[in-house]
Amino acid sequence: MKTKITELLDANGVAYRLLPHTEPVFTVEAAAAQRGVVAEEMVKSILLREKGQPRRYVMACVLGHDRLNPQAVRAELGEEWKRLTFASAEEILEVSGYVQGAVAPLCLPDDAPVVFDVRIAACHRVNISSGDPMAGLEMDAADLLRLAGAILADIASES
């Protein structure tokens with residue numbers, strides 16, 4: 001299986017393990033079960049958009065069952081960012097090139113910052129989407145942080 005994500009990883013010599021699914025998955029629980037991994041290693045990639053015009057987007061990532069705090073993301077980005085809300089399925093596809101549920105924090109537009117919760121940096125291995133709802137990827141968290149060019153901040157709360 002080749003996607004923009006696997007091509008980026010291959011081009012950068014990043015080791016990863018492809019974790020195919022028997023059916024498309026759209027939740028952390030379903031993805032973890034299909035991949036045979038624990039939810040705590042799953043990285044949820046959530047596209048947020050700024051309210052108002054022109055629209056700006058930010059990719060925010062938290063682990064498994066953690067909940068995203070959009071106000072913490074906005075605070076990290078600075079005062080020039082206005083209120084953030086969740087992007088629609090159409091916006092997710094338009095901005096990221098991925099369908100909702102198969103979003104990864106890689107291969108995004110240059111003007112879309114990526115913010116990772118600090119808990120991701122504490123992980124050794126993580127699971128992300130491959131960009132295709134039929135497979136995930138397992139890789140070193142340090143490689144993911146580097147390739148995503150992510151800002152680290154406390155943007156999650158445990159659920």
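The values are calculated or read from the model by the stated rules, or taken from the named source; none is laboratory data. From a predicted model like this one, the values you see are computed outputs, not experimental measurements. A quick note on method: Cβ atoms are made from the backbone with ideal geometry, for glycine too, and the neighbour counts reach across all protein chains shown.
This table checks each residue for (1) part of a loop (DSSP other than H, G, I, E, B); (2) hydrophobic (A, V, I, L, M, F, W, C); (3) surrounded by fewer than 16 Cβ atoms within 10 Å (Cβ to Cβ); (4) in contact with a His (Cβ under 7 Å, 6 or more places away or on another chain).
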site: Val58; (1), (2), (3), (4): no, yes, no, no
site: Ala75; (1), (2), (3), (4): no, yes, yes, no
site: Thr85; (1), (2), (3), (4): no, no, yes, no
site: Glu90; (1), (2), (3), (4): no, no, yes, no
site: Gln100; (1), (2), (3), (4): yes, no, no, no
site: Pro105; (1), (2), (3), (4): yes, no, no, no
site: Leu108; (1), (2), (3), (4): yes, yes, no, no
site: Asn127; (1), (2), (3), (4): no, no, no, no
site: Asp132; (1), (2), (3), (4): yes, no, no, no
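Return the residues of the range 60-73 that are among the small types (Gly, Ala, Ser), surrounded by 20 or more Cβ atoms within 10 Å (Cβ to Cβ) and not in a loop (DSSP other than H, G, I, E, B); say none if nothing qualifies.
The initial filter retains those residues of the range 60-73 that are among the small types (Gly, Ala, Ser), namely 60, 64, 72.
Subsequent filtering for residues that are surrounded by 20 or more Cβ atoms within 10 Å (Cβ to Cβ) retains 60, 64.
Answer for the range 60-73, where residues must be among the small types (Gly, Ala, Ser), surrounded by 20 or more Cβ atoms within 10 Å (Cβ to Cβ) and not in a loop (DSSP other than H, G, I, E, B): just Ala60.
Looking at the range 143-156, is at least one residue of a type outside the set (Val, Ile, Thr), in contact with a Gly (Cβ under 9 Å, 6 or more places away or on another chain) and assigned to a strand (DSSP E or B)? Talk me through it step by step, then tell me what you get.
From the range 143-156, those of a type outside the set (Val, Ile, Thr) are 143-150, 152-154, 156; that's our starting set.
The next check asks that each one be in contact with a Gly (Cβ under 9 Å, 6 or more places away or on another chain); those that pass are none.
No, every residue in the range 143-156 fails to be of a type outside the set (Val, Ile, Thr), in contact with a Gly (Cβ under 9 Å, 6 or more places away or on another chain) and assigned to a strand (DSSP E or B).
Name the single residue that is surrounded by the most Cβ atoms within 10 Å (Cβ to Cβ) among those in the range 1-27 being in contact with a Ser or Thr (Cβ under 8 Å, 6 or more places away or on another chain) and part of a helix (DSSP H, G or I).
Ile5
Mind listing whichever residues of the range 109-127 are under 23 Å from Leu84 (Cα atoms) and of a type outside the set (Asp, Glu)?
Passing the criteria: Pro109, Ala112, Pro113, Val114, Val115, Phe116, Val118, Arg119, Ile120.
Hey, does the range 18-39 have a residue that's modelled with pLDDT of 95 or more and hydroxyl-bearing (Ser, Thr, Tyr)?
no
Taking the range 28-54, which residues are free of Cβ contacts under 8 Å to residues at least 24 places away in the same chain and either part of a strand (DSSP E or B) or within 17 Å of Ala87 (Cβ to Cβ) (or both)?
Start the filter on the range 28-54 by keeping residues that are free of Cβ contacts under 8 Å to residues at least 24 places away in the same chain, which leaves 29-30, 33, 36, 53-54.
Gln53, Pro54 - these are the residues of the range 28-54 that are free of Cβ contacts under 8 Å to residues at least 24 places away in the same chain and either part of a strand (DSSP E or B) or within 17 Å of Ala87 (Cβ to Cβ) (or both).
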